[in-house]
Amino acid sequence: MINMQTICISLGGSVVSNNKGLNIEYIKGFRKIIEKYKKIKFVITVGGGFISRKYIEILRENNISEFALDEIGIAFTNVNALAVKSIFNNIDSVYPAVIKSVNVSKATHQSRIMFCSGSIPGITTDADSVLRCESLGAKRLINISIESGIYDRDPKEKGARKLSQLTHNELIELVEKYDTREAKVNFVFDLVASKLAKRSNIRIDFIGSNLDNLDLAISGKEHSGSVVKD
């Protein structure tokens, strides 16, 4: 198990849950694909999602500190990670607890599939995912979000163009325009995570919630999302 390839996944909370509740059909499909790849270790960091965003929006309007909002967001990442892990619970190779630490090396010696939450205030689950890659020397990260890839501007803007491939520096330039460092206010990937990925030359595949793209990304094949690499 120690010599297996490791892929880290940043699983966006907005994919896991939405205004209708837990996206159980997606989670079941996600499990089916992960289960296919028995010779790969997966470290899956789960984001906070729709309900977390709503809590934080209301509390921010009531002048609650950003530090407290981050702590609340982290609590929601733990809930979502527990929910996703529960769908995997009858698989023997799943680590028995949700991991908060960014150093997951000990867990990877015991299990093939690990679920993680956010770690500390000020750090997003994007950055947590990259740090977990670094702790293991892993060179691949798949980012799953409601956006289907990286765009040259806000995808809601007219004329926004999806970028099929870009360098780490190009990603950083884009993220610097959007990352405010406030809880639940961020680009598809945050600035800290982008700089960490650059320093360790970690390839990032940005895909949306299309499960076929997840399958392609894991297997290293071309997909319809975006790839960041130097």
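A short reminder: the numbers here are calculations on the coordinates, not readings from a lab. Quick caveat: nothing in here was measured; it's all calculated off a predicted structure. Virtual Cβ from ideal backbone geometry, glycine too; neighbours counted across all protein chains shown.
Values computed for the structure shown
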| item | result |
| --- | --- |
| Reciprocal of mean inverse Cα separation for segment 35-74 (Kirkwood radius, Å) | 12.2 Å |
| Ranked list, fewest to most other Cβ atoms within 10 Å of each Cβ, for Phe42, Phe88 | Phe88, Phe42 |
| Ellipticity estimate at 222 nm from DSSP helix runs (n ≥ 4, -39,500 (n - 2.57)) divided over the chain, nearest 500 | -12000 deg cm²/dmol |
| Separation of the Thr167 and Ala68 label points, Cα + 7 Å toward Cβ, nm | 4.5 nm |
| Three-way shape call for segment 1-81 based on the alpha-carbon gyration tensor, with the a/c threshold at 1.5 | oblate |
| Whole-percent pair-distance distribution, where bins are 10 Å wide, for the alpha carbons of the chain | 8, 35, 39, 16, 2 |
| Across Lys54/Lys162; Lys41/Lys139; Lys139/Lys198; Lys156/Lys177, pairs whose alpha-carbon gap is larger than 19 Å | Lys54/Lys162 |
| In order through segment 31-38: 3J(HN,Hα) via Karplus (6.51 cos²θ - 1.76 cosθ + 1.60), integer Hz, x for Gly, Pro | 4, 4, 6, 4, 5, 4, 9, 6 |
| Options Gly118, Phe189, Ile87, ranked by Cα towards positive dipole end of segment 5-228, top entry (Cβ charges) | Ile87 |
| Cα-based Rg / Dmax (Å) for segment 130-230 | 13.0, 40 |
| Neighbour-limited loop hits for chymotrypsin sites (Phe, Trp or Tyr not before Pro), segment 130-230 (at most 15 other Cβ within 10 Å; DSSP other than H, G, I, E, B) | Tyr178 |
| Listed residues Leu141, Leu166, Leu22, most fluctuating in the chain (Gaussian network, C-alpha, under 10 Å) | Leu166 |
| Quotient of C-alpha Rg and 2.2 N^0.38 Å, computed over segment 105-166 | 1.46 |
| Cα-centred dipole magnitude for the chain, charges only on beta-carbon of K, R (+1) and D, E (-1), debye, nearest 20 | 740 debye |
| Under 5 Å, built H, 5+ apart or other chain: amide partners of Ile44 | Ile9, Met114, Phe115, Cys116 |
| Exposure proxy ranking, count of Cβ atoms within 10 Å, fewest first, for Tyr95, Tyr37 | Tyr37, Tyr95 |
